[in-house]
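Chemist: Got a structure for you, written out below as structure tokens; questions coming shortly.
The values are calculated or read from the model by the stated rules, or taken from the named source; none is laboratory data. Note that the coordinates shown come from a computational prediction; the quantities given were computed from them, not determined experimentally. Methodologically, a virtual Cβ is constructed for each residue, glycine included, from the backbone with ideal geometry; neighbour enumeration extends over all protein chains shown.
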Amino acid sequence: AKAKAVEINTLMNISVVDAGANLVAFVRMDGAWLGSADISQKKARTARYFDMPTGVIGTLSQPGGSLFNIEHSNSGLITFPGGIPIKNAGGEVIGAIGVSGSTVEDDHTVAQAGVDAIS
């Protein structure tokens, strides 16, 4: 994930949680927004809590959606792209990655690179 952030010339906070949504790895690139550190952790936890990418949760949480207002649960969820579940070879969710520090498109791209690196 960090290599992808460097490749696309953006400064990121990158968080990884385990199956219990406990933080197990964190990288804050020099100069990355301090406020994004918390956001990256919440994106990772949100993706793990619901075992789906945070961007999908964002779509479902719009007015009229089946998860409308869910972002107010669990001490605050993040419902925009940048959080992705991590699965093992058998398809079991074993954790999640959350990335924040740029546009949501860049955040998602960097998170996906992290998932792809261990798949």
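Chemist: Which members of segment 54-74 meet the condition of being buried (at least 17 other Cβ atoms within 10 Å of the Cβ) and either touching a strand residue (DSSP E or B) at 6+ places or on another chain (Cβ under 7 Å) or hydroxyl-bearing (Ser, Thr, Tyr) (or both)?
Modeler: Matches in segment 54-74: Thr54, Ser61.
Chemist: A follow-up question, please. Does segment 60-70 contain any residue that is in contact with a Gly (Cβ under 8 Å, 6 or more places away or on another chain) and not hydroxyl-bearing (Ser, Thr, Tyr)?
Modeler: Looking for residues that are in contact with a Gly (Cβ under 8 Å, 6 or more places away or on another chain) and not hydroxyl-bearing (Ser, Thr, Tyr), one finds none in segment 60-70, hence no.
Chemist: Given (1) in contact with a helix residue (DSSP H, G or I) (Cβ under 7 Å, 6 or more places away or on another chain); (2) modelled with pLDDT of 90 or more, where does Ser36 come up short, assuming only one miss?
Modeler: (1)
Chemist: Would you mention how many residues in segment 75-109 are touching a residue at least 40 places away in the same chain (Cβ under 8 Å) and either of a type in the set (Lys, Arg) or buried (at least 19 other Cβ atoms within 10 Å of the Cβ) (or both)? Explain how you work it out, then say what you get.
Modeler: Of the residues in segment 75-109, the ones touching a residue at least 40 places away in the same chain (Cβ under 8 Å) are 82-83, 86, 93-102, 104, 106-109.
Next, only the ones that are either of a type in the set (Lys, Arg) or buried (at least 19 other Cβ atoms within 10 Å of the Cβ) (or both) stay: 82-83, 86, 95-102, 106-109.
The qualifying residues number 15.
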